[in-house]
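Data first, discussion second: the structure below is written as structure tokens.
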Amino acid sequence: MDILNLKLSYLTNHAHSEFMTEICDLTTASDPVTLKLEAGFADLTKWHDDERIALEKISKSLFAKERDEKDHDRDELFSGMVRSDWSAVRHFDPEVRAAGERIKVVLDHYGNLAPLPVKDQTSKTTELIEELRTNRADDLVKTGLTAWVDELEKRNKAVKEVEDRQYDEAAAKTLLKVHEVRHEVDRAYRAMIKRLDALMLIEGETAYAAYARQLNERVTKYRNIIANREGHSDDKSKEKTKA
């Protein structure tokens, strides 16, 4: 029984770590000593622990909480601005109502920006502010929404500043660390699989068949994950080409 090959470099950081976790759990349950893989398994677990720690540093970025808080502040402000325009549309002064209606057309065009990914929301909010100031400046004054737009710009810039700080030298070093550790994890995994293949060749497959079969099941699972992702990427490329 051959151990199926998996293109480890094709896995995302998250999927790569999950695959190695499954392999480590399987090997532990099957007993690495009985499998005569204890040395290779110890090497793999050491580097996989480092991989998980490095990934946790990225996912638990000190900037994440601050960014989310500022994003929430921006969402609240945007919601309040929309409600204020609703009030203008119902104003007793027909001129204010008309100005409110014209602003509403712009707001409706952009829709609810809050559900968008943070970066997309930042970009779209910048476009909205430019549109309002360029083509609806008088209407903003008439409805009293000029201050709202100014504050929205301030909060939008605050979110962008936090986003930009995430790409500082420390973050770059952490990403480099993940790349380096992944290389070592892959080396240890391949060395362990190479030894398993050799043991099955020399001693026969009987003692290793159950473990090898379950390992191949996991490899197949992550092969499918890669294939699905590449398929989606191809679909997106085709859509862009058609557009």
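The values are calculated or read from the model by the stated rules, or taken from the named source; none is laboratory data. Quick caveat, the model's predicted, so the values are computed rather than measured. All Cβ positions, even for glycine, are placed from backbone atoms using ideal geometry, and neighbour counts span all protein chains on display. To get the accessible areas, we keep the full protein, side chains included, count just its heavy atoms, and leave off ligands, DNA and RNA. Shrake-Rupley method; radii C 1.70, N 1.55, O 1.52, S 1.80 Å.
Residues that are of a type in the set (Gly, Ala, Ser), farther than 30 Å from Glu51 by Cβ and under 27 Å from the mean Cα position of the chain (by Cα) do not occur anywhere in segment 128-147. Might you let me know whether segment 45-54 holds any residue that is more than 28 Å from Arg182 (Cα to Cα) and open to solvent by 50 Å² or more (accessible area, probe 1.4 Å)? Checked segment 45-54: no residue is more than 28 Å from Arg182 (Cα to Cα) and open to solvent by 50 Å² or more (accessible area, probe 1.4 Å).
Would it be correct to say that Glu131 is open to solvent by 80 Å² or more (accessible area, probe 1.4 Å) and of a type in the set (Asp, Glu)?
No; evaluated as a whole, the condition is false for this residue.
Quick test for you: out of Ala88, Ala158, Ala114, Ala98, pick the one residue that is closer than 29 Å to Asn13 by Cβ, out of contact with any strand residue (DSSP E or B) (no Cβ under 6 Å at 6 or more places or on another chain), in a helix (DSSP H, G or I) and open to solvent by less than 50 Å² (accessible area, probe 1.4 Å). Break it down stepwise before answering.
Numbers: Ala88 fails: closer than 29 Å to Asn13 by Cβ; Ala114 fails: in a helix (DSSP H, G or I); Ala98 fails: closer than 29 Å to Asn13 by Cβ.
Selected residue: Ala158, the only one of Ala88, Ala158, Ala114, Ala98 that is closer than 29 Å to Asn13 by Cβ, out of contact with any strand residue (DSSP E or B) (no Cβ under 6 Å at 6 or more places or on another chain), in a helix (DSSP H, G or I) and open to solvent by less than 50 Å² (accessible area, probe 1.4 Å).
Restricting the first member to segment 1-22 and to residues that are over 10 Å from Val219 (Cα atoms), and the second to residues that are small (Gly, Ala, Ser) and open to solvent by less than 80 Å² (accessible area, probe 1.4 Å), the beta-carbon pairs closer than 7 Å and six or more apart or on different chains are Met1/Ala209; Met1/Ala212. Residue count for segment 139-154 under the criterion of being over 14 Å from Ser84 (Cβ atoms) and either open to solvent by less than 80 Å² (accessible area, probe 1.4 Å) or in contact with a helix residue (DSSP H, G or I) (Cβ under 7 Å, 6 or more places away or on another chain) (or both): the result is 1.
Once segment 103-138 is narrowed to residues that are of a type in the set (A, V, I, L, M) and in contact with a Lys or Arg (Cβ under 8 Å, 6 or more places away or on another chain), the residue that is farthest from Val82 (Cα to Cα) is Val118. Selection within segment 190-210: residues that are open to solvent by 20 Å² or more (accessible area, probe 1.4 Å) and part of a loop (DSSP other than H, G, I, E, B). The member of this set that is nearest to Lys7 (Cα to Cα) is Glu205. Residue count for segment 117-128 under the criterion of being surrounded by 14 or more Cβ atoms within 10 Å (Cβ to Cβ) and either basic (Lys, Arg) or touching a strand residue (DSSP E or B) at 6+ places or on another chain (Cβ under 6 Å) (or both): the result is 1.
Cβ-Cβ distances below 8 Å connect the following pairs, each with a first residue in segment 173-184 that is at pLDDT 65 or above, a second residue that is of a type in the set (Asp, Glu) and open to solvent by less than 50 Å² (accessible area, probe 1.4 Å), and a separation of six or more residues or different chains: Val178/Glu51; Val181/Asp50; Val181/Glu51; Arg182/Glu51; Glu184/Asp50. Residues that are assigned to a helix (DSSP H, G or I) and either more than 19 Å from Arg155 (Cα to Cα) or among the acidic types (Asp, Glu) (or both) within segment 121-144 comprise Glu127, Glu130, Glu131, Thr134, Asn135, Ala137, Asp138, Asp139, Val141, Lys142, Thr143, listed in sequence order. Among the numbered conditions (1) farther than 18 Å from Leu8 by Cβ; (2) open to solvent by 60 Å² or more (accessible area, probe 1.4 Å); (3) modelled with pLDDT of 50 or more, the only one that Arg229 does not meet is (1). Would you mind stating whether Ile103 is closer than 25 Å to Asp164 by Cα, part of a helix (DSSP H, G or I) and either at pLDDT 95 or above or of a type in the set (A, V, I, L, M) (or both)? Taking the combined requirement at face value, the residue does not satisfy it. Every listed requirement among (1) of a type in the set (Ser, Thr, Tyr); (2) touching a Phe, Trp or Tyr at 6+ places or on another chain (Cβ under 8 Å); (3) over 21 Å from Glu66 (Cα atoms) is met by Thr146 save one, (2).
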